[in-house]
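J.: One structure is given below, represented as structure tokens, and several questions about it will come after.
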Ligand code: ADP
């Protein structure tokens, strides 16, 4: 059916539901794998981070300890120095040059011993009276540091602590101060400047950045030069003013933001940051540690790549694992599918086998029932003739059990001993496939000795592969039918006989006809006897009288025979030699033959078997046939009158027969009259009775023979009497 174009265009090929399901399964699995990979990555990263954080913690602890140690090392120096009497004295007499010089040396020595940058003494106004670097060009002596917080703190009676760039040296350092106490108020301040350069150098040697920022977040010390004086957080105006007032970082008044991009997570001390090191932004893990005693913050960073690497490794491994699992799952699924398919195939096969078995059993049962119920005997044989199967009906027909027949090769037990040759012929014909479908009759011998007439039909046995594997024969017991047929034949013959001779008139005619011949002979013989008597010829007279006697006896015999024949008495059957019959009849007809000047040719078979028959009646038949032949040639020239009598054997008609054939060269039998030839009273002759041939046929059939009439190819009629040979 054709759809409208618009409808066709609208319809889109639908994705099969199982493909969609498969894809959704894949999508879910992929999502799951991704989630798992992310989780695993995070877990591994966190774990690695903890390890890194621990390491940073340790670094911070070490660095803080170092810093505190450094401070502690110098912390007491200003205090102790402040206690020195010369120091106290100088504050009271700042003009005393000898004292100045002594204190200068004292400070120089002390500073040299502890390894400080400078150790110096300031008066109550912040003016430096003496300093360890009194000899240097950039000596502190004469400089006023009254603006520095550490000075102010010390003057207020506290210890001072400050980190700043040196006002005239421009060298950064840590300043620690202590007041020089007077009676009522501090007289001045002793301060020590310590460089943290060594520590910084040590930091530079480590690969992880370490920085120290002041209370405002300005980095003043660290392992990365570029970060020096960068602000870790925005500075307030107030803070900037303080730094300026205290000249903490010399002339530097603006502080750029440190090149850090921090990512902090709440509740976590550590944080991630991207920081520019050597002009390259790198990810770091960082941790801050505030040192409250100094108001500083120590920041230690470590490369974040191990964490990133751990995250990626975790993710990759998980993905790999997921992939392996997925593959394993696919393999398992495929195997399971194959197994289930195999299982399904097997159960289907088993089901089919069971079905086939049931079918075969049913077919076998059906065939067995069929074979058992048949009244026709069935026999299957292989190509060599070995019996493979017989049904019960065949066992009944032959009298042998199935197990006795099975496996037998020809000759079989039931073959009739008298028909062995015929059995072999039939057997060869069947096994070579020459019999076709028409079948053949076969007489067999039942086990109990009686004869069974059968009709055998054979067909090729084709096996399941289409191969010719043998022969299947059906064997029909036709004994009963044979008997019935024989009886019917006898009855029919009898009816025909009695029918033909039933009427008195017919009988009288028959008698007249049959007796006509001898009576006519008697008349002619008696005429001859009379002539011989008148002539006084004793010898021919005696011979003629003897002939008269013979003919008279013959007439009497005919009467007796016909009476007996009508009564269906066949007891008169005796041994008859066909050639003798011919000779007798020809002898009887000698006068007629001579008179007609006909030529008689005989061709007699030398080894004819003796048959059973009524000699007289058979002679009568021949006599009739010969007389008819002579009559047929009556008007012809004597040279053309050829009478031919033959005897012989013939197996052309239902078995072997003996035949006596009479041929003439007369006009033959016209086709128009051929059908009526044997009818009683059919004659073409003016004085004919039309009974001769009718009686002949009746007589021959009474001998189980047949009388056949045909025309000779060279002209003339041919009458043949076929008589069965003795069984
Ligand atoms: P009939 O001899 O008394 O006529 P048949 O029964 O012997 O009676 O013969 C019947 C007919 O068959 C004959 O009249 C004749 O026409 C024909 N017939 C018989 N024998 C021959 C023969 N040998 N040749 C030609 N016709 C024959």
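J.: Give region 170-186 a look and list any residue that's surrounded by fewer than 18 Cβ atoms within 10 Å (Cβ to Cβ) and within 23 Å of residue 253 (Cα to Cα), or say none.
T.: Within region 170-186, 170, 171 meet the criteria.
J.: Also, quick follow-up: Condition test on residue 119, is it buried (at least 19 other Cβ atoms within 10 Å of the Cβ), touching a residue at least 12 places away in the same chain (Cβ under 8 Å) and part of a helix (DSSP H, G or I)?
T.: no
J.: Hey, does region 187-204 have a residue that's within 30 Å of residue 302 (Cβ to Cβ), free of Cβ contacts under 8 Å to residues at least 24 places away in the same chain and surrounded by 16 or more Cβ atoms within 10 Å (Cβ to Cβ)?
T.: Within region 187-204, one or more residues are within 30 Å of residue 302 (Cβ to Cβ), free of Cβ contacts under 8 Å to residues at least 24 places away in the same chain and surrounded by 16 or more Cβ atoms within 10 Å (Cβ to Cβ).
J.: Looking at region 628-654, which of the residues that are surrounded by fewer than 16 Cβ atoms within 10 Å (Cβ to Cβ) and within 16 Å of the ligand (Cβ to nearest atom) is nearest to the chain's Cα centre (by Cα)?
T.: Per the stated criteria, the residue is 640.
J.: Here is a list of conditions, (1) within 16 Å of the ligand (Cβ to nearest atom); (2) modelled with pLDDT of 90 or more; (3) closer than 28 Å to residue 525 by Cβ, and residue 582 meets all of them except one; can you say which number that is?
T.: For residue 582, the failing item is (1).
J.: Looking only at region 688-699, which residues are touching a strand residue (DSSP E or B) at 6+ places or on another chain (Cβ under 8 Å), over 16 Å from residue 645 (Cβ atoms) and more than 7 Å from the ligand (Cβ to nearest atom)?
T.: Of everything in region 688-699, just one residue is touching a strand residue (DSSP E or B) at 6+ places or on another chain (Cβ under 8 Å), over 16 Å from residue 645 (Cβ atoms) and more than 7 Å from the ligand (Cβ to nearest atom), namely 697.
J.: Please go through region 437-461 and pick out each residue that is surrounded by 13 or more Cβ atoms within 10 Å (Cβ to Cβ), touching a strand residue (DSSP E or B) at 6+ places or on another chain (Cβ under 9 Å) and more than 21 Å from residue 384 (Cα to Cα).
T.: Across region 437-461, the qualifying residues are 441, 443, 445, 446, 451, 452, 453, 454, 455.
J.: Does residue 241 satisfy the condition of being modelled with pLDDT under 90 and outside any strand (DSSP E or B)?
T.: Spelling it out, it is not the case that residue 241 is modelled with pLDDT under 90 and outside any strand (DSSP E or B).
J.: In addition: So how many residues does region 317-342 have that are under 24 Å from the mean Cα position of the chain (by Cα) and either more than 17 Å from residue 25 (Cβ to Cβ) or at pLDDT 85 or above (or both)?
T.: 11
J.: Another question, then. Give all pairs with beta carbons closer than 6 Å in which a residue from region 238-263 that is farther than 14 Å from residue 213 by Cα meets a residue that is modelled with pLDDT under 90 and in a loop (DSSP other than H, G, I, E, B); count only pairs at least 6 apart in sequence or on separate chains.
T.: 244/253
J.: Mind checking which residues of region 383-405 are more than 14 Å from residue 470 (Cα to Cα) and within 48 Å of the chain's Cα centre (by Cα)?
T.: 391, 392, 393, 394, 395, 401, 402, 403, 404, 405
J.: So in region 166-184, with the set limited to residues that are at pLDDT 90 or above and in contact with a helix residue (DSSP H, G or I) (Cβ under 8 Å, 6 or more places away or on another chain), which one is nearest to residue 214 (Cα to Cα)?
T.: 174
J.: What's the number of the condition residue 367 fails, among (1) in contact with a strand residue (DSSP E or B) (Cβ under 8 Å, 6 or more places away or on another chain); (2) closer than 22 Å to residue 469 by Cβ?
T.: So residue 367 meets the others, but not (1).
J.: Could you list, in sequence order, the residues of region 244-261 that are loosely packed, with under 15 Cβ neighbours inside 10 Å and outside any loop (DSSP other than H, G, I, E, B)?
T.: Once the filter is applied, which keeps residues that are loosely packed, with under 15 Cβ neighbours inside 10 Å and outside any loop (DSSP other than H, G, I, E, B), region 244-261 yields 244, 245, 257, 261.
J.: Another question, if that's okay. Going by the structure shown, is residue 263 touching a helix residue (DSSP H, G or I) at 6+ places or on another chain (Cβ under 9 Å) and farther than 26 Å from residue 119 by Cα?
T.: no
J.: Can you name the condition, by its number, that residue 157 falls short on among (1) surrounded by fewer than 17 Cβ atoms within 10 Å (Cβ to Cβ); (2) assigned to a strand (DSSP E or B)?
T.: Result: residue 157 passes all but (2).
J.: Here are some conditions: (1) free of Cβ contacts under 8 Å to residues at least 12 places away in the same chain; (2) over 20 Å from residue 49 (Cβ atoms). Residue 216 meets all but one. Which one does it not meet?
T.: It is condition (1) that residue 216 fails.
J.: For the structure I just gave you, tell me whether residue 662 is within 17 Å of residue 605 (Cα to Cα), at pLDDT 90 or above and more than 12 Å from the ligand (Cβ to nearest atom).
T.: no
J.: Pairs, please: C-beta under 7 Å, at least 6 apart or cross-chain, first residue more than 17 Å from residue 634 (Cβ to Cβ) and at pLDDT 85 or above and in region 679-695, second part of a loop (DSSP other than H, G, I, E, B) and within 6 Å of the ligand (Cβ to nearest atom)?
T.: Hits for this filter: 682/690; 693/677.
J.: Sticking with this one: What tally of residues in region 587-617 results from selecting those that are more than 16 Å from the ligand (Cβ to nearest atom) and either under 60 Å from the mean Cα position of the chain (by Cα) or assigned to a helix (DSSP H, G or I) (or both)?
T.: 8
J.: State yes or no: is residue 681 part of a loop (DSSP other than H, G, I, E, B), closer than 25 Å to residue 616 by Cα and either touching a helix residue (DSSP H, G or I) at 6+ places or on another chain (Cβ under 7 Å) or more than 8 Å from the ligand (Cβ to nearest atom) (or both)?
T.: Yes.
J.: Is there a residue being within 12 Å of the ligand (Cβ to nearest atom) and at pLDDT below 90 anywhere in region 704-719?
T.: No, region 704-719 has no match at all.
J.: Within region 665-678, which residues are in a loop (DSSP other than H, G, I, E, B) and either within 26 Å of residue 582 (Cβ to Cβ) or more than 9 Å from the ligand (Cβ to nearest atom) (or both)?
T.: Within region 665-678, 665, 666, 667, 668, 669, 675, 677, 678 meet the criteria.
J.: Just to check your reading of the model, which residue among 631, 674 is out of contact with any strand residue (DSSP E or B) (no Cβ under 8 Å at 6 or more places or on another chain) and free of Cβ contacts under 8 Å to residues at least 60 places away in the same chain?
T.: 631
J.: Can you tell me which of (1) closer than 30 Å to residue 34 by Cβ; (2) surrounded by 12 or more Cβ atoms within 10 Å (Cβ to Cβ) is the one residue 327 doesn't meet?
T.: (2)
The values are calculated or read from the model by the stated rules, or taken from the named source; none is laboratory data. Everything numeric in this text was worked out from a predicted model, so none of it was measured. Note that we place each Cβ from the backbone using ideal geometry, even for glycine, and neighbour counts take in every protein chain shown.
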